[in-house]
1. Given a cut-off of 26 Å, name the pairs among K162/K252; K136/K178; K218/K262; K76/K136 whose C-alpha atoms lie farther apart than that in the structure shown.
2. Quick one: which of K56/K125; K31/K311; K89/K125; K56/K311 span more than 21 angstrom between C-alpha atoms?
3. Compute the signed sum of charges (Lys and Arg +1, Asp and Glu -1) over the other residues within less than 10 Å, Cβ to Cβ, of H92.
4. Who wins for biggest fluctuation among N268, N301, N36 in a Gaussian network model of the chain, springs between alpha carbons below 10 Å?
5. Taking 8 Å as the Cα distance limit and 6 or more residues as the minimum spacing, I'd like the relative contact order of the chain as a percentage.
6. By how many degrees, 0 to 90 and rounded to 10, does the Cα axis of helix 93-102 deviate from the longest principal axis of the chain?
7. Rule-of-thumb check for segment 148-299: C-alpha Rg over 2.2 N^0.38 Å?
8. Mind computing the radius of gyration and Dmax over the alpha-carbon atoms of segment 209-306? Å is fine for both.
Amino acid sequence: MRTYTNVKDLGNLKSAVEEALEIKKNRFAYKHLGENKTLLMVFFNSSLRTRLSTQKAGMNLGMNTMVLDINQGAWKLETERGVIMDGDKSEHILEAIPVMGNYCDIIGVRAFALFENKEDDYQEKILNQFIQYSGKPVFSMEAATGHPLQAFADLITIEEYKKSARPKVVMTWAPHPKALPQAVPNSFADFMNEAEVDFVITHPEGYELDSKFVRGAKVEYNQDKALAGADFVYAKNWAAYADPDYGKILSKDRSWTVTTEKMALTNNAYFMHCLPVRRNMIVSDDVIESPQSIVIQEAANREISAQTVIKRMLENL
Ligand code: AN0
Ligand code: CP
């Protein structure tokens, strides 16, 4: 594997999940693969889970790991060509990326959508420059339009907890005070559309996601109807995608918060969220603390999804 940015990079998804579950049984079995190899993780944005789980995954594989927080101590990077660099940005990303590439064997990049220009975000300008100019295998640690390590961990978790061959999985929009990217819901849809599940997306009107990710999924604007009979409820906020509202908050309607009453409409569903989560905006205290909440187990699987991806990259070096 040379790049990991979406579900297709995993090839056969069933085999990828099987491989991940094998790794989970003995996560130190491949320690030889990473000997004298260096993983560099570059963060343009904050992180708790991705930083720790990906570093742990690299260490499980015997790698040396380095983390660079671009906003804490690195030079401010210019990302546009042709700019006269007389402002506060000291270095151009076109030098920074190949320099970083020299110091490592595999690179993970976190670079969220900026919400300044939809085309720039959806062309994955930053991530693609790493792929093009680093000379090294690159994986997304949440880029502008996707968070494939999260969605892979989500699928592994569903595989572990499902009680029927084809569970009903409902992704529901929920309110949040800040404008959040579509990366997590895009990737979750990308994966669920390829998985053995009945997938339903529910959100208020105006929150339609890019059809490239929604594909054949059922979209139901009535949250209660969508939740009926669900085996998994996957909550997430995102800002509007459609023009002219790209990046805007259209609703903070707390009737969309996942509460005990909402969960009662489901088939005793498990509750999932990628975290970090705002309690009593996205989900009530009672639901996230209930035995049906598997958010901690889901986060634990981030180590496994990252290790599966990095292992495949090491095998291909
Ligand atoms: C980010 C997002 O919604 O994309 C990261 C989630 C993993 N969340 C926040 O910024 C709160
Ligand atoms: N779910 C997730 O990616 O969390 P962090 O933003 O803390 O890495």
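No lab work stands behind these numbers, since they all come straight from the coordinates. No experiment lies behind these values; they were computed from the predicted model shown. Cβ coordinates were reconstructed from backbone atoms using ideal geometry, including for glycine residues, and neighbour counts include every protein chain displayed.
1. From K162/K252; K136/K178; K218/K262; K76/K136, over 26 Å: K162/K252; K136/K178.
2. K56/K125
3. -2
4. In the Gaussian network model the winner is N36.
5. Averaging sequence separation for qualifying contacts and normalising by length gives 20 percent for the chain.
6. The angle comes out at about 80 degrees.
7. The value comes to 0.93.
8. 14.4, 41
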